[in-house]
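The values are calculated or read from the model by the stated rules, or taken from the named source; none is laboratory data. Note that this is a predicted model, so its numbers are computed, not measured. Note: ideal-geometry Cβ built from the backbone for every residue, glycine included; neighbour counts use all protein chains shown.
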Amino acid sequence: MRFRFRIGFAVLLVACALTIRAEPQEPNTSIRTVAALTGRVERIDLSSRSLILRIGDNQFQSVFVGPDVKIFNDLKAGDEVTIRVLESVVVAARSNKRPTAITDTTAAAKKESPSSDVMQQLKAVVTVESVDQPKQMIIYKTGDNRRVIRAVADPKLLEGLTPGDVIEISYTRERAVDIERTR
């Protein structure tokens, strides 16, 4: 009788363990303001609060400017400026996915949230090869077998990561939050 009870109890424990689903790990997120763009204003669109910035010889970048940036109304074509934009990085565990190459998901992000000011969004599912917390470095492999070594500005993004983890990295650059004339 005791033997049957123990076997029944063990079977019940195993069944419970198999039905309990592990809660998905909360994504690590970092949002920061970055001095990202310096160049000459080529064109300004007051109605959409955007401008085209010439960076270097023949590179142009469209920038959306938040309504709290008052200098926008005083800018003119030809002004030399430094623009700070918001940047966010999200790192989420994705054990059920296969690694992918880096893909540009900007159009989908703009369609999903038309009121946002997304300038660029890139995503990739990668496999972590090593994490160096003290040096804030990570090495990962992409779906196209590229080995990438990255310095990580926010150590919170590395928390809980171990070699072999499959993670999705989402990088998003959003609207300008500050503009300064450089001359």
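Which condition from (1) under 17 Å from the mean Cα position of the chain (by Cα); (2) β-branched (V, I, T); (3) closer than 22 Å to L37 by Cα; (4) not in a strand (DSSP E or B) is the one that V85 breaks?
Going through the list (1) under 17 Å from the mean Cα position of the chain (by Cα); (2) β-branched (V, I, T); (3) closer than 22 Å to L37 by Cα; (4) not in a strand (DSSP E or B), V85 breaks only (4).
Out of the residues in region 113-122 meeting the condition of being of a type outside the set (S, T, Y) and surrounded by fewer than 19 Cβ atoms within 10 Å (Cβ to Cβ), tell me which one is farthest from T162 (Cα to Cα). Lay out the reasoning, then the answer.
Within region 113-122, the subset of a type outside the set (S, T, Y) is 114, 117-122.
Among the residues that remain, those that are also surrounded by fewer than 19 Cβ atoms within 10 Å (Cβ to Cβ) are: 114, 120, 122.
Numbers: P114: 36, Q120: 28, L122: 23 Å.
For region 113-122, the residue satisfying everything is P114.
So, K110, is that one surrounded by 11 or more Cβ atoms within 10 Å (Cβ to Cβ), modelled with pLDDT of 90 or more, among the charged types (D, E, K, R) and not in a strand (DSSP E or B) or not?
Values: surrounded by 11 or more Cβ atoms within 10 Å (Cβ to Cβ): yes; modelled with pLDDT of 90 or more: no; among the charged types (D, E, K, R): yes; not in a strand (DSSP E or B): yes.
Spelling it out, it is not the case that K110 is surrounded by 11 or more Cβ atoms within 10 Å (Cβ to Cβ), modelled with pLDDT of 90 or more, among the charged types (D, E, K, R) and not in a strand (DSSP E or B).
Looking at K97, K70 in this structure, which one is basic (K, R), surrounded by fewer than 17 Cβ atoms within 10 Å (Cβ to Cβ) and over 30 Å from R43 (Cβ atoms)?
K97
Regarding region 65-81, can at least one residue be identified that is assigned to a strand (DSSP E or B) and touching a Pro at 6+ places or on another chain (Cβ under 8 Å)? Please lay out each step first, then the result.
Going through region 65-81, the residues assigned to a strand (DSSP E or B) turn out to be 65, 80-81.
Now drop any that are not touching a Pro at 6+ places or on another chain (Cβ under 8 Å), which leaves none.
Scanning region 65-81 turns up no residue that is assigned to a strand (DSSP E or B) and touching a Pro at 6+ places or on another chain (Cβ under 8 Å).
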